[in-house]
Structures are given as structure tokens and as C-alpha cells.
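Below is one structure, written out as C-alpha cells, with a few remarks after it.
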């Protein structure tokens, strides 16, 4: 027990120290997620301001500051809080002889780095797509995911408005999939992470672009706007689940872009009664619904 407690505290403090050093520019610039996130956010926000799709939408849109808070909470604060638990789980797996290489079906280590990064990106994105579908399909998971869909005006920071339970779901599944398929995370994985942040910010932004023929490969703001539509097509639990790549939606027939005016209503049925503040949104999903008499 002492071993696990020490591992928990060590991992927790290491994440705190790394984050603090990132703020002070004391880590390599290419792994500095704090200032990297801020720079990407400012760039996409600037593009939103210069080339707005919905021209009547304010630069400081509805819930802008709430989403900005979510961005830093989910990317840094919650990562710090949960880092110790991941280390404990890693030790538990090792006790049972389970580690990244032992679970791997394919050894990608001989591949060139660009190949490893590509495989890592594809695997990670597919797992996130699949998890995203599950968040819509199962009612108890949808209650958590409602936080993300409570956005009423789309902008780059809406990318990071999500319930903390989504981190609990996404990260272990992604880690497990990477372990089973390749048993690795490349040393240069920060490239994939930064690309994913940039694409996610862009897809939630107030910018109109579809990438032309590349729309079948990469997600885009027009496609993702319809994921946030108030009403989904009949007999579906949602559409356009893609994170960075759109090809999964085209492969599994969950794509849907009826038009591109950008004027559709966002949210979900009953969202007028959904909590509007950070605290109540993040305890939502744990309370049992009261049955109407």
C-alpha cells in the first residue's frame, strides 16, 4: 500500500512540477503544452475574428469565458489530479505481468518515426471516435456528454467544454488500444497531440471550410456543427462523431451535412433546464432522475 501511495504522490508532484516549468518556459518548447495550447487558441480565435462564418456572432460569444476555464481545467488541472491514479493502475498492471510490449499484437518499433506517428494518430483517433459514439448511444454516458452539447454558440474553446468523466473514459481506452495494437507511444507523440488540439479547436470554430475532396479524410467546422445540432436525423443517436478524421463517419455511414448555412439551432431537448455554471455541470450525471408522478 505504501508503494502505491508513494507512486501516486510522486506522479502527482511530477505533473505539478512539469506544468509549472511549462509556464516558466523551463521545458523544451516543442513539449510545452501550456503555451502551445494558448498559442493555438489565439491563432484560431484570430481566424474566427477575421473570417467569421456566422457574422452576427460576437467575438466574445456566449459562454466564451466558461469555455476558456474548461479548456485549462480539463487540459491541466484535471490531468494533474488524475495523474497519480494512472501511475497506480500502471503498477497494478505490471504486477500481473501486463505491460505495453507484452500486450502488443504488432511491433511497430522498427518502423520509421513518421510511420509510428501515423499509426499512433490513426489508432488514437479511431478509439476516440468509437468512444464518442458510445457517449451518445448509452443514456448514462450521454448525461455526462450533455455538458459538451450544452454549447449554444460554437467557437474554438467549445472544444474543451466537457465533463471530467469523459477524461476517465477516453484516456484509459485510448491507452489500452495503443497497448494492444502497437504497445507504444512514440517519443515524438507530442506532434500528434498538438495536431489533434489544433484540429479540435478549428472544428469547433466559427469558420466555414470543408477541405474540398479532403472532407472525406479530415473533420471540419461545417461537418462538426451538425454534430452539435439540436435535432438529429430520425432513428439516430447522433451524427458526425469524428474527432480529427472524418473517414470513420463516412465508413460507418454516420456522416450528415444537409446544408452549410451555419444557422442551425444547437444544443439538445431540455437544455433550457441544464445547469449553466461549471460546478453544477460537473456534478451532473451522478444524480438519479426523479420519476414524474
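Of the residues in the stretch 142-163, how many are over 23 Å from residue 206 (Cβ atoms) and under 11 Å from the mean Cα position of the chain (by Cα)?
Adding up the residues that qualify gives 1.
Any residue that is outside any helix (DSSP H, G or I) and more than 29 Å from residue 277 (Cβ to Cβ) - is there at least one of those in the stretch 56-78?
If we filter the stretch 56-78 for residues that are outside any helix (DSSP H, G or I), which is where we start, we get 56-63.
In the following step, the residues that additionally are more than 29 Å from residue 277 (Cβ to Cβ) were identified as none.
No, there is no match, as no residue in the stretch 56-78 is outside any helix (DSSP H, G or I) and more than 29 Å from residue 277 (Cβ to Cβ).
On the basis of being free of Cβ contacts under 8 Å to residues at least 60 places away in the same chain, part of a loop (DSSP other than H, G, I, E, B) and out of contact with any strand residue (DSSP E or B) (no Cβ under 7 Å at 6 or more places or on another chain), does residue 235 make the cut?
Working: free of Cβ contacts under 8 Å to residues at least 60 places away in the same chain: yes; part of a loop (DSSP other than H, G, I, E, B): yes; out of contact with any strand residue (DSSP E or B) (no Cβ under 7 Å at 6 or more places or on another chain): yes.
Yes, satisfied.
Filter the stretch 105-150 for residues that are outside any helix (DSSP H, G or I) and modelled with pLDDT under 95 and give the result.
105, 106, 107, 108, 109, 110, 111, 112
Is it the case, given these coordinates, that residue 266 is surrounded by fewer than 19 Cβ atoms within 10 Å (Cβ to Cβ), under 23 Å from residue 143 (Cα atoms), touching a helix residue (DSSP H, G or I) at 6+ places or on another chain (Cβ under 6 Å) and at pLDDT 95 or above?
Yes: the conditions hold for residue 266.
Counting only residues that are surrounded by fewer than 13 Cβ atoms within 10 Å (Cβ to Cβ) and touching a helix residue (DSSP H, G or I) at 6+ places or on another chain (Cβ under 9 Å), which one in the stretch 29-53 is farthest from residue 209 (Cα to Cα)?
29
Filter the stretch 151-175 for residues that are buried (at least 19 other Cβ atoms within 10 Å of the Cβ) and assigned to a loop (DSSP other than H, G, I, E, B) and give the result.
Listed by number, the residues that qualify are 151, 154, 155, 161, 162, 163.
Determine whether residue 254 is in a loop (DSSP other than H, G, I, E, B), more than 20 Å from the chain's Cα centre (by Cα) and in contact (Cβ under 8 Å) with a residue 40 or more places away in the chain.
So residue 254 does not fit the description; no.
In contact (Cβ under 8 Å) with a residue 12 or more places away in the chain, within 20 Å of the chain's Cα centre (by Cα) and part of a loop (DSSP other than H, G, I, E, B), is that true of residue 240?
The answer is yes for residue 240.
For the stretch 206-229, which residues satisfy the criterion of being at pLDDT below 95 and outside any helix (DSSP H, G or I)?
Selection gives 209, 210, 211.
Of the conditions (1) in contact with a helix residue (DSSP H, G or I) (Cβ under 7 Å, 6 or more places away or on another chain); (2) farther than 24 Å from residue 142 by Cβ, residue 255 fails just one. Which one is it?
Here residue 255 meets the rest and fails (2).
Within the stretch 190-197, is even one residue in contact (Cβ under 8 Å) with a residue 12 or more places away in the chain, part of a helix (DSSP H, G or I) and farther than 20 Å from residue 120 by Cβ?
Looking through the stretch 190-197, none of the residues is in contact (Cβ under 8 Å) with a residue 12 or more places away in the chain, part of a helix (DSSP H, G or I) and farther than 20 Å from residue 120 by Cβ.
Only residues that are in contact with a strand residue (DSSP E or B) (Cβ under 8 Å, 6 or more places away or on another chain) and not in a loop (DSSP other than H, G, I, E, B): list them for the stretch 261-282, please.
Residue satisfying the conditions is 266 alone.
The values are calculated or read from the model by the stated rules, or taken from the named source; none is laboratory data. The shown structure was predicted, so the numbers you read here are calculated from the model rather than taken from an experiment. Heads up, the Cβs are rebuilt from the backbone with ideal geometry, glycines too, and the neighbour counts pull from every protein chain shown.
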